[in-house]
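The values are calculated or read from the model by the stated rules, or taken from the named source; none is laboratory data. Computed from a prediction, not measured in an experiment: that's the story for all the values here. Backbone-built Cβ (ideal geometry, glycine too); neighbour counts: all protein chains shown.
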């Protein structure tokens with residue numbers, strides 16, 4: 001994912017682009033905080049779901065149980 005932050009002179013705001021998605025912020029500090037949090041989440045360790053003997057992961061089972069409750 002490409003993350004880019006630029007100032008938009010026509011809209012007087014800061015724009016963070018994530019590939020084709022754009023998010024506008026009123027201040028540079030807000031834009032930088034968003035980019036920092038986004039990068040931290042992307043770089044955080046992620047656990048791969050482990051399928052059980054039926055080939056269904058625990059996360060999928062939990063989602064199914066929540067949707068039927």
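Worth a mention:
- When 35, 16 are checked against the criterion of being touching a helix residue (DSSP H, G or I) at 6+ places or on another chain (Cβ under 8 Å), surrounded by 11 or more Cβ atoms within 10 Å (Cβ to Cβ) and modelled with pLDDT of 95 or more, 16 stands alone in meeting it.
- Restricting 11, 66 to those that are exposed (fewer than 10 other Cβ atoms within 10 Å of the Cβ), outside any loop (DSSP other than H, G, I, E, B) and at pLDDT below 85 reduces the list to 66.
- Inter-residue pairs, beta-carbon under 8 Å, first in a helix (DSSP H, G or I) and in region 28-47, second surrounded by fewer than 10 Cβ atoms within 10 Å (Cβ to Cβ) and at pLDDT below 95, 6+ apart: 42/1
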